[in-house]
Amino acid sequence: MKILGIGNSFTRDCMHLLYKVFQAEKPGIELEMSMAYHRGSSLQKHLQFYNNQEAMYWHFRWNSDKDDWDLTTGVKLQDIICTNNWDYVSMQQSSANSGVPSTYNEDIQTIQNIVCEHLGYKPTFFWNMTWAYPEIDPTGAYLLGDNYISGGAKAPNAASFKNYYNNSQTYMYQKIVETVQAKIVPDDTFKWIMPAGTAIQNTQTSYMTDLDLYRDHLHLNDFGRLLGSYVWYGILENTIPTFALTSVPEVLRNYPAGKGDWVLSTEQRKVLKESVTNALKTPFAVTQSQYPTK
């Protein structure tokens with residue numbers, strides 16, 4: 001199985017632990033993965049980089065020999081596309097625009113055409129439905145309204161959270177779902193939609209909060225990344241996972257690094273299983289958790 005993700009840090013969050021999930025669920029699987037990553041990139045920005053022949057990407061490639069990602073910087077999108085005969089290609093919108101329907105336009109088909117042109121065939125495309133912003137920064141700073149800060153500085157996505165989503169995580173999630181249902185579901189060029197954002201929102205109905213899921217004002221921590229990877233696995237394999245992965249190795253713990261392997265607790269495993277399973281079964285609506293307390 002060969003998977004290419006075209007996106008940004010949200011793509012990276014969902015793919016970062018994907019190999020480890022596959023390895024635990026299907027020992028011996030042959031899996032090749034790459035990411036065409038540019039921080040915060042929208043569909044429009046990807047197309048701009050391509051048209052201008054700009055080498056703006058970080059190319060993350062999974063190295064199974066060292067059980068970690070290799071990184072090459074300053075790469076063009078077309079060069080990453082041409083590194084393999086991809087079976088599956090993931091696309092997504094930037095987080096700020098994820099719930100803004102007008103930003104889902106002909107750029108989608110144009111990027112797909114670019115991929116097909118460089119590969120010489122049409123791979124299976126799928127859409128990564130991302131998550132809403134947290135309302136509390138893991139540092140303890142409240143992110144609502146004009147106080148939307150991270151580490152003492154105004155977060156770069158503060159304006160979009162306020163202007164597009166009324167400083168509401170729930171409203172932002174609803175707008176993402178509505179937009180994907182209106183713009184992506186009817187588009188038969190996408191075989192699947194990965195409801196990562198729904199799995200994150202499902203978890204919020206348990207005893208867990210923003211502090212248990214995010215590492216900053218945008219991105220997922222180890223637990224959140226595991227949720228995203230399990231959603232992708234479940235869709236790609238058309239199955240409910242067994243949730244065999246019980247720890248994250250230190251080498252993949254970028255946030256924070258140097259803290260040793262992370263082992264899921266019994267309570268965390270219950271919420272992980274519940275949130276992902278419910279997202280796979282009901283991808284466009286939040287399902288209430290059976291674990292409001294530990």
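The values are calculated or read from the model by the stated rules, or taken from the named source; none is laboratory data. What you see is a predicted model, and the numbers here were worked out from it, not measured in a lab. Don't worry about glycine lacking a Cβ; one is built from the backbone with ideal geometry, like all the others, and counts go over all protein chains shown. Only protein heavy atoms, including side chains, enter the accessible area calculation; ligands, DNA and RNA are left aside. Shrake-Rupley method; radii C 1.70, N 1.55, O 1.52, S 1.80 Å.
At-a-glance table
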| read-out | value |
| --- | --- |
| Over the range 1-114: Kirkwood hydrodynamic radius from C-alpha pairwise inverse distances, Å | 14.6 Å |
| Largest-first principal axis extents of the Cα set of the range 146-249 (Å) | 43, 38, 22 |
| Difference of contour (0.36 nm per residue) and Cα-Cα distance, ASP65 to ASN84 | 5.1 nm |
| Debye, to nearest 20: dipole size of the chain, +1 on Lys, Arg Cβ, -1 on Asp, Glu Cβ | 300 debye |
| Across LYS183/LYS281; LYS45/LYS270; LYS20/LYS154; LYS76/LYS273; LYS162/LYS259, pairs whose alpha-carbon gap is larger than 31 Å | LYS45/LYS270; LYS20/LYS154; LYS76/LYS273; LYS162/LYS259 |
| Kyte-Doolittle mean at least 0.0 and Cα axial length at least 20 Å: DSSP H helices in the chain | 222-237 |
| Charge dipole (the chain, unit charges on Cβ, about Cα centre) - positive-most of PRO156, TYR19, PHE284 | PHE284 |
| Stretch gain in nm, segment ASP188-LYS26, where the contour uses 0.36 nm per residue and the Cα spacing is subtracted | 55.4 nm |
| Whichever aspartates and glutamates have a C-alpha closer than 15 Å to that of LYS66, once near sequence neighbours (fewer than 8 apart) are set aside | GLU30, GLU32, GLU250 |
| Apportionment of accessible area to carbon and sulfur, the chain, percent (1.4 Å) | 46 percent |
| Given charges at Cβ of Lys, Arg, Asp, Glu: the chain dipole, positive-most of LEU31, GLN53, SER98 | SER98 |
| C-alpha center-to-center spacing [the range 250-285, the range 161-211] in angstrom | 18 Å |
| Equivalent ellipsoid semi-axes, the chain, via Cα gyration tensor eigenvalues times 5, rooted, Å | 27, 23, 19 |
| Å² per residue, accessible surface of the chain at 1.4 Å | 42 Å² |
